[in-house]
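Quick one: structure below, then a few questions.
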Amino acid sequence: MSESIKNITPNKLAFVTALACGVVTFLVAFILLMVFNPVLPVWGLMWLFINVLVCYGLFYAALERFIYRKVKVIYKNIRRFKQPQGLAPEKPNMNRLVLEEVEAEVLNWADEQSSEIEQLKKMETYRREFLGNVSHELKTPLFNIQGYLDTLLDGGIDDPVINREYVHKAAKNVERLINIVKDLDVISLHESGQLEMKWEKFKIYDLVKEVFDSFEMLADANDITLSFKEGSTTGAIVYADREKIRQVLTNLISNSIKYGKEHGKTSVGIYDMDKMALIEVTDNGIGIESRHLPRLFERFYRIDPSRSRTLGGSGLGLAIVKHIMEAHHQTIHVRSTPGVGTTFGFTLAKE
């Protein structure tokens, strides 16, 4: 019964109800007339017609008013819809399955609320982890600085053997704090959409060569060979923010050198993909276990925390890389095999 009512339009419901009411009223009047006046007057049929019309009008108006005052309230609440000032609310369409539409709207709203609650729970978990990570990352250099300064104040400053060494160590930890704050500021600007993009055309091959040159001494110190992969194109011109792409390449190549193996190599491949250029940074270093890959671009996520802090860095580099690629409306991916090496790849729009 409820399904049949739900699947009938208010207009039909008003008509059927009015017709039933009119017929019942007519039958009662007909019986009374037959008792008191056996001859049915001609105006009896006209009266039935008028009665049905009046009943239909009354039921139609009543249903429309009910739907307008009740059902539309449900719509307004679940859709958080507010009518603009001075604009009359929209009248319900009585020829549509209003009850069925309301049910579907409520179910959709319930699904959206469920998804929103789930997302809020994830964000809360992420917020707690982020605050814990920030606290931990800042705490380590702060405690180191405090320890070095306390030692100097307790008389170490007069000891020529340790005074310069401790001041130097304290300065290194201050530099680490500054890098963390700078990287957090960059991420904040990216997420808020306030970081301006300076779009320009440039050869990606030339930019990679510049980054290679800047890491030449570090690569030599770590016995790492920097090179281009065979088949790399040299003439691909991309349209992007040159300095931000430099930051991406700098971070990826720096990581490949830091975590590379002795006598290892880091190579960059540039491939023409019709409207896109694919850039891949590959090393034959220690590799990354598959369980770490999904979280690799999270802020402060470290595969080996002790080794990462020894090598330096804020723990925000890959998170910044991800944000830069998102600002370019591109993505970055990673594939890796422990003991074999790691490849980071991203695309850029060609000009």
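Every number in this text was worked out from the coordinates using simple rules, so none of it is lab data. Bear in mind the structure is a predicted one, so any value in this text is a computation, not a measurement. Note that we place each Cβ from the backbone using ideal geometry, even for glycine, and neighbour counts take in every protein chain shown.
For segment 129-192, state the semi-axes of the equivalent ellipsoid (square roots of 5 times the eigenvalues of the alpha-carbon gyration tensor), sorted largest first and rounded to whole angstrom. Before the final figure, lay out the partial values.
Numbers: eigenvalues 190, 29, 7 Å².
Equivalent ellipsoid semi-axes, largest first: 31, 12, 6 Å.
Another question about this same structure. Put a dot 7 Å past each Cα toward the Cβ at Val161 and Phe228; how far apart are the dots in nm?
Roughly 5.4 nm, to one decimal.
For every other residue with a beta carbon closer than 12 angstrom to the beta carbon of Asp206, add +1 if it is Lys or Arg and -1 if Asp or Glu, then tell me the sum. Before the final figure, lay out the partial values.
Values: positive: Lys201, Lys203, Lys209, Arg242, Arg246; negative: Glu210, Asp213.
So the surrounding residues net to +3.
Plugging the Kirkwood radius over Cα pairs into Stokes-Einstein for segment 199-349, at a temperature of 25 °C and a viscosity of 0.890 mPa s, what D comes out in µm²/s?
On the way: Rh = 15.6 Å.
In µm²/s, the coefficient is 157.
I would also like to ask the following. Going by amide H atoms built from the backbone, whose H comes under 5 Å of the H on Tyr301, apart from near neighbours?
Under 5 Å from the amide H of Tyr301 lies no amide H from a residue far enough along the sequence or on another chain.
Related question: Based only on other Cβ atoms within 10 Å, what is the fewest-to-most ordering of Trp199, Trp109? Kindly include the intermediate steps, with their values, before the conclusion.
Values: Trp199 10, Trp109 16.
By the 10 Å Cβ count, ascending, the order reads Trp199, Trp109.
Which links in Lys139/Lys261; Lys265/Lys322; Lys169/Lys258; Lys121/Lys172; Lys121/Lys265; Lys244/Lys265 stretch past 32 Å when you go from one Cα to the other?
Numbers: Lys139/Lys261 30 Å; Lys265/Lys322 24 Å; Lys169/Lys258 20 Å; Lys121/Lys172 38 Å; Lys121/Lys265 43 Å; Lys244/Lys265 24 Å.
Violating the 32 Å limit, Cα to Cα: Lys121/Lys172; Lys121/Lys265.
What trypsin sites (Lys or Arg not before Pro) does segment 160-210 have in DSSP loop regions with at most 13 other beta carbons within 10 Å? Let's see the in-between values first.
Values: sites: Arg164, Lys169, Lys172, Arg176, Lys182, Lys198, Lys201, Lys203, Lys209; in loops: Lys198.
Qualifying residues, ordered by number: Lys198.
Mind listing the long-range amide H neighbours of Leu226? Cut-off is under 5 Å, sequence gap 5 or more, other chains count too, H placed in the peptide plane at 1.01 Å from N.
The list, which skips near neighbours in sequence, is Thr266.
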